[in-house]
Amino acid sequence: MRVLLLCDDRAHPGDVPIKGVSPLANQGYQFDIINDANNFKSEMLNDYPVVLLSKSDNTSHQDSTSWKNDAVQKTFIDYVEKGGGLLAVHSGIVAGEHTEALDNLIGSRFIFHPQSSPVTVQPIKPHPITEGVGMFCENDEHYRIKILVPDVDIIIASYSPPQGEENKYEEEPAKNTPAWICPAGYVRHQGKGRICVLTPGHQLSAWLNPHFQRTLINALQWCALN
(Lines give C-alpha, C1' and ligand atoms only; values in the text may rest on other atoms or scores of the structure.)
Protein backbone atom coordinates (compact mmCIF):
# COMPACT_ATOMS: atom_id res chain seq x y z
CA MET A 1 0.00 0.00 0.00
CA ARG A 2 1.28 3.46 -0.89
CA VAL A 3 0.94 6.02 1.91
CA LEU A 4 1.62 9.74 1.78
CA LEU A 5 3.54 10.76 4.93
CA LEU A 6 3.47 14.46 5.80
CA CYS A 7 5.90 15.20 8.64
CA ASP A 8 8.52 17.59 10.02
CA ASP A 9 7.68 20.72 12.00
CA ARG A 10 9.42 23.06 14.41
CA ALA A 11 8.96 20.84 17.47
CA HIS A 12 8.92 17.45 15.70
CA PRO A 13 11.77 16.59 13.31
CA GLY A 14 10.64 14.43 10.43
CA ASP A 15 13.30 11.82 11.15
CA VAL A 16 11.20 10.45 14.02
CA PRO A 17 8.10 9.39 12.04
CA ILE A 18 10.23 8.47 9.03
CA LYS A 19 12.30 6.06 11.11
CA GLY A 20 9.15 5.06 12.96
CA VAL A 21 7.40 3.77 9.86
CA SER A 22 10.49 2.31 8.20
CA PRO A 23 9.89 -1.22 9.61
CA LEU A 24 6.50 -1.23 7.90
CA ALA A 25 8.25 -1.51 4.53
CA ASN A 26 8.62 -5.20 5.36
CA GLN A 27 4.82 -5.37 5.69
CA GLY A 28 4.21 -4.12 2.14
CA TYR A 29 3.90 -0.38 2.84
CA GLN A 30 5.56 2.27 0.69
CA PHE A 31 5.79 5.74 2.24
CA ASP A 32 6.17 8.77 0.00
CA ILE A 33 7.48 11.53 2.26
CA ILE A 34 6.96 15.27 2.26
CA ASN A 35 8.96 17.21 4.84
CA ASP A 36 8.58 20.67 3.35
CA ALA A 37 4.92 21.60 2.86
CA ASN A 38 5.92 23.87 -0.04
CA ASN A 39 6.20 20.60 -1.98
CA PHE A 40 2.63 19.55 -1.18
CA LYS A 41 0.14 19.74 -4.03
CA SER A 42 -3.55 19.03 -3.56
CA GLU A 43 -3.74 16.66 -6.51
CA MET A 44 -1.22 14.36 -4.81
CA LEU A 45 -3.93 13.01 -2.53
CA ASN A 46 -5.63 11.31 -5.45
CA ASP A 47 -2.74 8.81 -5.61
CA TYR A 48 -3.13 7.48 -2.06
CA PRO A 49 -5.79 5.48 -0.20
CA VAL A 50 -4.56 6.94 3.11
CA VAL A 51 -2.50 9.90 4.32
CA LEU A 52 -0.41 9.77 7.48
CA LEU A 53 -0.32 13.28 8.95
CA SER A 54 2.38 13.81 11.58
CA LYS A 55 2.94 17.50 11.00
CA SER A 56 1.64 20.63 12.70
CA ASP A 57 0.94 23.91 10.91
CA ASN A 58 4.66 24.60 10.39
CA THR A 59 5.85 24.42 6.80
CA SER A 60 8.98 22.56 7.95
CA HIS A 61 11.37 22.16 10.86
CA GLN A 62 13.18 25.31 9.72
CA ASP A 63 10.13 27.28 8.55
CA SER A 64 7.38 27.98 11.12
CA THR A 65 5.04 29.72 8.69
CA SER A 66 1.58 28.24 8.23
CA TRP A 67 0.85 25.81 5.39
CA LYS A 68 -2.70 24.70 6.27
CA ASN A 69 -4.46 27.51 4.44
CA ASP A 70 -8.15 27.42 3.54
CA ALA A 71 -7.48 25.67 0.23
CA VAL A 72 -5.35 22.96 1.84
CA GLN A 73 -7.95 22.35 4.54
CA LYS A 74 -10.71 22.05 1.94
CA THR A 75 -8.55 19.62 -0.02
CA PHE A 76 -8.26 17.29 2.98
CA ILE A 77 -11.97 17.52 3.74
CA ASP A 78 -12.89 16.72 0.13
CA TYR A 79 -10.38 13.86 0.06
CA VAL A 80 -11.84 12.22 3.16
CA GLU A 81 -15.48 12.81 2.26
CA LYS A 82 -14.91 11.14 -1.11
CA GLY A 83 -13.46 8.04 0.59
CA GLY A 84 -9.84 8.81 1.51
CA GLY A 85 -8.34 7.74 4.81
CA LEU A 86 -6.59 10.06 7.24
CA LEU A 87 -4.33 8.84 10.05
CA ALA A 88 -3.19 11.73 12.29
CA VAL A 89 -0.37 10.88 14.70
CA HIS A 90 0.95 13.08 17.52
CA SER A 91 1.77 16.51 16.03
CA GLY A 92 -0.82 15.94 13.31
CA ILE A 93 -3.42 17.24 15.77
CA VAL A 94 -1.49 20.39 16.74
CA ALA A 95 -3.73 23.21 15.52
CA GLY A 96 -2.65 26.36 13.76
CA GLU A 97 -4.08 29.82 14.25
CA HIS A 98 -6.67 29.35 11.50
CA THR A 99 -7.08 25.58 11.09
CA GLU A 100 -10.60 25.14 12.48
CA ALA A 101 -11.92 23.30 9.42
CA LEU A 102 -9.13 20.72 9.45
CA ASP A 103 -9.26 20.45 13.26
CA ASN A 104 -12.96 19.56 13.04
CA LEU A 105 -12.23 16.97 10.35
CA ILE A 106 -9.59 15.40 12.59
CA GLY A 107 -11.97 15.72 15.53
CA SER A 108 -9.69 17.19 18.18
CA ARG A 109 -6.84 19.55 18.85
CA PHE A 110 -3.80 19.41 21.12
CA ILE A 111 -4.03 21.46 24.35
CA PHE A 112 -0.73 20.85 26.19
CA HIS A 113 1.58 18.18 27.55
CA PRO A 114 3.64 17.97 30.74
CA GLN A 115 7.32 17.14 30.50
CA SER A 116 8.11 13.77 28.97
CA SER A 117 7.46 10.88 31.33
CA PRO A 118 6.53 7.18 31.25
CA VAL A 119 3.19 6.99 29.44
CA THR A 120 1.11 3.81 29.58
CA VAL A 121 -1.05 3.17 26.53
CA GLN A 122 -3.85 0.60 26.58
CA PRO A 123 -6.67 -0.43 24.23
CA ILE A 124 -10.04 0.02 25.95
CA LYS A 125 -12.45 -1.22 23.29
CA PRO A 126 -12.47 -4.04 20.72
CA HIS A 127 -11.90 -2.59 17.26
CA PRO A 128 -9.97 -3.65 14.14
CA ILE A 129 -7.31 -1.07 15.08
CA THR A 130 -6.80 -2.57 18.55
CA GLU A 131 -6.70 -6.19 17.34
CA GLY A 132 -3.48 -7.82 18.53
CA VAL A 133 -2.45 -4.68 20.44
CA GLY A 134 -1.55 -4.93 24.12
CA MET A 135 -0.74 -2.43 26.83
CA PHE A 136 2.68 -0.81 26.60
CA CYS A 137 4.67 1.94 28.29
CA GLU A 138 7.24 4.29 26.77
CA ASN A 139 8.76 7.61 27.75
CA ASP A 140 6.85 10.14 25.68
CA GLU A 141 4.91 13.41 25.63
CA HIS A 142 1.51 12.72 27.16
CA TYR A 143 -0.88 14.76 25.03
CA ARG A 144 -3.93 16.41 26.50
CA ILE A 145 -6.47 17.03 23.77
CA LYS A 146 -9.79 18.77 23.31
CA ILE A 147 -12.44 16.72 21.52
CA LEU A 148 -14.24 18.91 18.98
CA VAL A 149 -16.95 16.70 17.48
CA PRO A 150 -19.54 14.41 19.09
CA ASP A 151 -18.96 11.25 17.04
CA VAL A 152 -15.43 10.45 18.24
CA ASP A 153 -15.16 6.79 19.27
CA ILE A 154 -12.30 6.43 21.77
CA ILE A 155 -10.65 3.02 21.50
CA ILE A 156 -7.27 3.61 23.23
CA ALA A 157 -6.48 5.44 26.48
CA SER A 158 -3.22 6.66 28.00
CA TYR A 159 -2.06 7.31 31.53
CA SER A 160 0.84 9.12 33.17
CA PRO A 161 1.41 10.02 36.82
CA PRO A 162 0.38 13.55 37.81
CA GLN A 163 3.19 16.10 37.54
CA GLY A 164 1.48 19.13 39.03
CA GLU A 165 0.30 20.53 35.70
CA GLU A 166 -3.07 18.86 35.37
CA ASN A 167 -4.90 22.07 36.31
CA LYS A 168 -4.09 23.26 32.77
CA TYR A 169 -6.26 20.50 31.34
CA GLU A 170 -10.00 20.99 31.03
CA GLU A 171 -11.36 17.53 31.61
CA GLU A 172 -14.14 16.38 29.33
CA PRO A 173 -16.96 15.80 31.86
CA ALA A 174 -18.54 13.10 29.71
CA LYS A 175 -15.41 10.95 29.98
CA ASN A 176 -15.57 10.97 33.81
CA THR A 177 -11.87 10.19 34.22
CA PRO A 178 -9.01 11.79 36.14
CA ALA A 179 -7.30 14.48 34.09
CA TRP A 180 -4.17 12.41 33.56
CA ILE A 181 -6.09 9.57 31.92
CA CYS A 182 -6.54 10.76 28.36
CA PRO A 183 -7.76 9.61 24.96
CA ALA A 184 -4.81 8.16 23.07
CA GLY A 185 -6.59 6.76 20.03
CA TYR A 186 -9.98 7.25 18.43
CA VAL A 187 -11.81 6.85 15.16
CA ARG A 188 -14.54 8.70 13.33
CA HIS A 189 -16.15 8.84 9.88
CA GLN A 190 -16.89 11.77 7.62
CA GLY A 191 -18.62 11.27 4.32
CA LYS A 192 -17.25 8.10 2.77
CA GLY A 193 -13.90 8.39 4.52
CA ARG A 194 -12.34 7.23 7.77
CA ILE A 195 -10.20 9.11 10.28
CA CYS A 196 -8.00 7.71 13.04
CA VAL A 197 -6.04 9.73 15.60
CA LEU A 198 -3.17 8.37 17.71
CA THR A 199 -1.59 10.75 20.23
CA PRO A 200 1.69 8.94 21.14
CA GLY A 201 4.73 9.52 18.98
CA HIS A 202 7.04 12.28 20.15
CA GLN A 203 9.85 9.82 20.84
CA LEU A 204 11.10 7.28 18.32
CA SER A 205 10.89 4.58 20.99
CA ALA A 206 7.10 5.00 21.03
CA TRP A 207 6.87 4.58 17.25
CA LEU A 208 9.07 1.48 17.34
CA ASN A 209 7.30 -0.23 20.22
CA PRO A 210 5.88 -3.49 18.76
CA HIS A 211 2.39 -2.73 20.06
CA PHE A 212 2.40 0.72 18.48
CA GLN A 213 3.73 -0.75 15.25
CA ARG A 214 0.76 -3.14 15.22
CA THR A 215 -1.54 -0.19 15.94
CA LEU A 216 -0.11 1.73 12.98
CA ILE A 217 -0.56 -1.21 10.63
CA ASN A 218 -4.12 -1.81 11.79
CA ALA A 219 -4.93 1.91 11.54
CA LEU A 220 -3.56 2.23 8.02
CA GLN A 221 -5.56 -0.78 6.91
CA TRP A 222 -8.74 0.45 8.56
CA CYS A 223 -8.41 4.01 7.25
CA ALA A 224 -7.84 2.74 3.71
CA LEU A 225 -11.20 0.95 3.64
CA ASN A 226 -14.33 2.74 2.45
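The values are calculated or read from the model by the stated rules, or taken from the named source; none is laboratory data. Just so we're clear, the structure is a prediction, and the values are computed from it rather than from any experiment. When we count neighbours, we look across all protein chains shown, and the Cβ atoms used for this are built from the backbone with ideal geometry, even at glycine.
In table form, for the structure just shown:
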{"item": "One residue from 140, 103 being modelled with pLDDT of 95 or more, within 26 Å of residue 8 (Cα to Cα) and in contact with a Leu (Cβ under 7 Å, 6 or more places away or on another chain)", "result": "103"}
{"item": "Exclusive hit being in a loop (DSSP other than H, G, I, E, B) and farther than 20 Å from residue 16 by Cα, set 98, 142", "result": "98"}
{"item": "Top-ranked residue of the range 184-220 - restricted to ones that are more than 15 Å from the chain's Cα centre (by Cα) and of a type in the set (S, T, N, Q), ranked as surrounded by the fewest Cβ atoms within 10 Å (Cβ to Cβ)", "result": "205"}
{"item": "Checking residue 55 against (1) in contact with a Cys (Cβ under 7 Å, 6 or more places away or on another chain); (2) more than 18 Å from residue 217 (Cβ to Cβ); (3) without any contact (Cβ under 8 Å) to a residue 24 or more places away in the chain, the condition it does not meet", "result": "(3)"}
{"item": "Residue check for residue 118: outside any strand (DSSP E or B) and either under 16 Å from residue 197 (Cβ atoms) or modelled with pLDDT under 95 (or both)", "result": "no"}
{"item": "Selection count, the range 144-184, where residues are more than 17 Å from residue 111 (Cβ to Cβ) and modelled with pLDDT of 60 or more", "result": "6"}
{"item": "Single residue of the range 66-76 satisfying the filter (polar (S, T, N, Q) and in a loop (DSSP other than H, G, I, E, B)) that is farthest from residue 190 (Cα to Cα)", "result": "66"}
{"item": "Qualifying position, being closer than 28 Å to residue 29 by Cα and among the β-branched types (Val, Ile, Thr), among 65, 130", "result": "130"}
